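Taking it in order: structure first as C-alpha cells, then the write-up.
Laboratory data are not the source of any read-out in this text; all were calculated from the coordinates shown. Everything quoted here is computed from the prediction, not taken from an experiment. As a convention, Cβ positions derive from the backbone with ideal geometry for all residues, glycine included, and neighbour counts pool all protein chains shown.
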Amino acid sequence: MDCAFTVKLSYKGKSASLDGISHQTTAAELLAEARRALAVDDDTILRLLFKGKTVAQETVDGAPSEDANEPAFPEGTKIPKSGAKVIVMGTAATGLEKLNSQRSDPLMRGFDDEKKKSAASSVLSTYWGPKHGNQHKEYKFCRFQECTDASFGSRPGASTPHAFAARTLLKQLASDPGIVAILKSRELVVGTLGEMDPIDDRLMQKKQQEGACLLGYNTNHGMRIDIKLRTDDLSRFRPYNELASTLIHEVSHNWVGEHDVVFWTNYGQMRVEYLWTHALLMRGGVFVNGKRTAALAGVVDMILSPISGNVAQSATTPTETQLMEHICKSVIAELAKEMAQHRLPVQLVAPAVLTFSRELMAETKDVVGLGAGGQRLGTHSSRPNDDDVIAGATARERALAAAEKRARDANAKDKPS
C-alpha cells in the first residue's frame, strides 16, 4: 500500500494543506485539489513548484498538459516528514493571451540574435569583402581606440564624424589587405591602433622633437600606434590613401626611431609590398561591391601608371613586371619627396627597394589573388653586421643590410680624415 503524505500549499500569502497525497497522485489531480483548497478562480492558470521544479502546470487554453496524467511526485521522490512544501503560482489567462498576441519589438534583439550578429561580423568585413577583409589570427592590431567628442581640443561641429565612424575607419585600416600582408610577413603584433587628437598641438610638437611624424606616432616600438584621422577643422576624415601611408610610416618606427636611411629603406619596402598586394588582387579579379580593392584604397594610379602622370594607354592587361615597375616608380618618387625634408637623397634607398621588389615578385610567383608573406624583418633590436648577411638570407634581410652598409659608407665619407 502506497504511503500518503501531506502537501502544504503557499499562494499569494495564503496557505492550505492537502492530506492523503501519494506518489500515485497525478498532476491533474494535484492541480484540482490545489484550486479547490485555495479557492482560485477558473480564469487563473496555475503552476505548482516543489523544490524549485515544476510538478504540475496548466496550459493557456485550459487543455491538460502532456504530463497531466503522470504522477506529480514519482516514486523515488524524497518527501520530508513534515510534508511537501509546494509554491503555487497563478497567472490570469487574459493577461497571457494579450501578451502572446502582441508583436515583438523589432528593435529588441535576443541573445540568439546577438550571437548570430557576432558570428557574422567575425567572418565578414563589409568594406574589404568576406575573403580579404579580416586581420591575421596572430599578427594584428589587438585593440582600437577612437577619440570621443569630449577628448577634442575644441568643440566639434555638426559635420564632425561620429566616434563610431572613427572606430570603423581604424578597423578598416587594420583589415586592409596590404596592411595585413605587411604585419604577417614581418610577424608584427601591435597592441593598440588609436586615433590621435588633431587639436593636441603640444603632443604633436613633442613627438616632432623626438623624430615622429606629425600625422601619427609610435609608442614603445609598436605597443601603440596613433594616427591622425581627422582634418584640423574636424569636419571630415583625411583621405584614406594618406591614412594608410601614415600607418605604414609608423609601423616602420617599430625598428628604427630616427628618419635615417635604414628607416626609409624599410618604409619603401613596405610601401612596395602594400601596393603589390592590391596589384595581385587586381590581377586576380577581386571586386568588392563592384570596385577593386586598389580603388577602395585610393592607390590605382600608383599601380597602373608612372608617378609622372604620363599614363600609357594600352589595350592589353599590364603584366606583373609592368605593374611592379609602375609601383617602384611611384614609391621611389614618394620617397624622394619625403626624404628631401630630411636632406637625404633617394639614391641611397632606391637600389634596395628595387631589389626587394624583384624578390617579392619571386616569392609571390605562384600566388593568385593575394600576395604571400615572407620572413620577419628586424627580429633583433641591434642592427646586423656585414657578417650576419649570409647567402640564405631573405630579400628583406639582404636589402636592409645593404641599406645599412650604404649609410655607414656615406657617414664615413662625410667625416674629416
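Between THR231 and ARG47, the modelled label-to-label distance comes to 6.0 nm, taking each label 7 Å out from Cα in the direction of the beta carbon.
The modelled label-to-label distance between ALA92 and SER10, using points 7 Å beyond Cα along the C-beta direction, is 2.5 nm.
In the stretch 221-275, which GluC sites (Glu not before Pro) fall in coil by DSSP and have 12 or fewer other Cβ atoms within 10 Å? Qualifying residues, ordered by number: GLU258. The separation of the stretch 319-338 from the stretch 160-189, counted between C-alpha centres, amounts to 23 Å. Peptide packing for 228-235, 328-335, 135-142 was compared via the average number of neighbouring C-beta atoms within 10 Å per residue; ordered from the highest value, the list is 328-335, 228-235, 135-142. Site pair PHE287 and HIS162 shows an inter-label distance of 3.1 nm when each label is modelled 7 Å from Cα along Cα→Cβ.
Among the listed pairs LYS131/LYS337; LYS228/LYS337; LYS137/LYS329, those with a Cα-Cα distance over 29 Å are LYS131/LYS337; LYS137/LYS329.
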